[in-house]
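The values are calculated or read from the model by the stated rules, or taken from the named source; none is laboratory data. Please read these numbers as outputs of a predicted model, since none were measured by experiment. When we count neighbours, we look across all protein chains shown, and the Cβ atoms used for this are built from the backbone with ideal geometry, even at glycine. Each accessible area value is taken on the protein alone, full model and side chains, heavy atoms only, with ligands, DNA and RNA left out. Shrake-Rupley method; radii C 1.70, N 1.55, O 1.52, S 1.80 Å.
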Amino acid sequence: MFAEVSGFSLPVLTRNLNAEKSLYVSSGVHGDEPAGPLAIAQALESGAFSDEFGWVIFPVLNPTGLVRGTRETADGVDLNRDYKAFQAAESVAHCRCLAGSGWKFQAALGLHEDWEAQGGYLYEHNPRAYANPCQGLLFSIERTVGLDASGEIDGWPTTSPGLIHPPSNPELRDLWPEQIYLLQHHTTMSYTLETPSEFPLEKRVNAHAEALRIFGDPLQWIEDRRRT
């Protein structure tokens, strides 16, 4: 536990931090998106977090929203728009934990869900075009819930089916999501995985759990030829 908010603990889990490279995972930023926290629990039980990397895992960043089934916290704050203004006790505590640790990550992965999605999709921030797990993550989404083939998703044009490259420059954002904050302070590469909320919960949980397995598999970290 790294903090307590409204009587709820905010947990952080760490594994194998002596590894050369570490990965960051978070879920439960939005309380009406339960598949991510459940997938982390499933992955822990099955031993899916590879020992090839160290891990820092924030499984439930918005517990008051989770118990209420609401996107926002009990105080009405959307945490994924709060990493610049810091109005919520949850985001303040989260960032204090990260800053106090001095952690730096090879990459970050946030687990989310989308009520409007026709399939799964992925946001990628990799401005330096490092070797990455993007293709593996996309294949895992396609296998489990299918890719959203829309040309535009959530107001962003897609680069390819199920893949969005939003601007990584924080100066272009009035409201910062978690991944922009992480890019500024703790990593050079981040992903947000979205599954379609209207799909059966078990299917969504399995999609996130499979993505976690792929994310921690060093064989999936390849050069992205689409950028060359």
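Taking amide H positions as placed in the peptide plane 1.01 Å from N, state which residues far from SER22 in sequence (5 or more) or on other chains have amide H under 5 Å from it.
GLY54, GLN106
Explain nothing, just compute: Karplus ³J(HN,Hα) = 6.51 cos²θ - 1.76 cosθ + 1.60, θ = phi - 60°, for every residue of segment 55-60 in order, whole Hz, x for Gly and Pro.
9, 10, 10, 10, x, 9
Relative contact order, percent, of the chain when contacts are C-alpha pairs under 8 Å separated by at least 6 residues? Please list the in-between numbers first.
Numbers: 475 pairs, mean separation 58.6, N = 228.
This gives 26 percent for the chain.
Could you pull out which residues in segment 110-129 have an amide N less than 19 Å from a spot 7 Å beyond the Cα of ASP32, following the Cα-Cβ vector?
Only 111-121 fall inside the zone, counting backbone N under 19 Å.
For segment 31-78, with every protein chain kept in place, what is the accessible area per residue (1.4 Å probe, Å²)?
Values: 1880 Å² over 48 residues.
That works out to 39 Å² for each residue.
Compare the Cα positions of SER160, GLY28, TYR130 along the charge dipole of the chain (+1 at Cβ of Lys, Arg; -1 at Cβ of Asp, Glu; about the Cα centre) and return the one farthest towards the positive end.
Of the listed residues, the answer is TYR130.
Got a sec? Charge dipole of the chain, +1 on Cβ for Lys and Arg, -1 for Asp and Glu; which of THR14, ALA39, VAL205 is way out at the positive end?
Comparing the listed Cα positions along the dipole, THR14 ranks first.
Would you mind working out the magnitude of the charge dipole of segment 127-223 relative to its Cα centre, with +1 at each Lys and Arg C-beta and -1 at each Asp and Glu C-beta, to the nearest 20 Debye? Don't skip to the end; give the middle numbers.
Details: 6 positive and 13 negative charges, 51 e Å.
About 240 debye.
Report, to the nearest whole %, how much of the accessible area of the chain belongs to carbon and sulfur atoms, 1.4 Å probe, protein only. Can you show the working numbers first?
On the way: 4960 of 10260 Å².
Here it works out to 48 percent.
Could you give the size of the charge dipole of the chain about its Cα centre, using +1 on the Cβ of each K and R and -1 on the Cβ of each D and E, expressed in debye and rounded to the nearest 20? Mind showing how you got there, number by number?
Numbers: 17 positive and 30 negative charges, 128 e Å.
Roughly 620 debye for the chain.
Distance from the Cα centre of segment 48-89 to that of segment 118-154, in angstrom?
21
Starting from the amide H of LEU147, placed 1.01 Å from N in the peptide plane, find each other amide H under 5 Å away whose residue is 5 or more places distant or on another chain.
Residues meeting the amide H criterion: GLY120.
Of the options GLY216, SER101, MET1, report the single residue whose Cα projects farthest towards the positive end of the charge dipole of the chain (beta-carbon charges: Lys, Arg +1; Asp, Glu -1).
SER101
Mind listing the long-range amide H neighbours of MET189? Cut-off is under 5 Å, sequence gap 5 or more, other chains count too, H placed in the peptide plane at 1.01 Å from N.
ALA108
On alpha carbon coordinates alone, what is the Rg over Rh value for segment 102-204, Rh being the Kirkwood radius?
Numbers: Rg = 13.6 Å, Rh = 14.1 Å.
The Rg/Rh ratio comes out at 0.96.
About its Cα centre, what dipole magnitude does segment 114-171 give when the only charges are +1 on Lys and Arg Cβ and -1 on Asp and Glu Cβ, stated in debye to the nearest 20?
Values: 2 positive and 8 negative charges, 62 e Å.
In total the dipole reaches around 300 debye.
Under the Karplus relation 6.51 cos²θ - 1.76 cosθ + 1.60, θ = phi - 60°, what is the ordered set of whole-Hz ³J(HN,Hα) values for segment 137-148, x standing for Gly and Pro?
Using θ = phi - 60°, the values come out as 5, 4, 5, 5, 5, 4, 5, 9, 10, x, 8, 6 Hz.
What are the ³J(HN,Hα) couplings of segment 175-182, residue after residue, when phi is run through the Karplus curve with 6.51, -1.76, 1.60 and θ = phi - 60°? Round to Hz, x for glycine and proline.
Values, residue by residue: 10, 9, x, 3, 5, 5, 4, 4 Hz.
If you build a Gaussian network model of the chain, linking Cα atoms that sit under 10 Å apart, which residue out of GLN184, GLN106, GLN135 swings the most?
Its mean-square fluctuation being the largest, the pick is GLN184.
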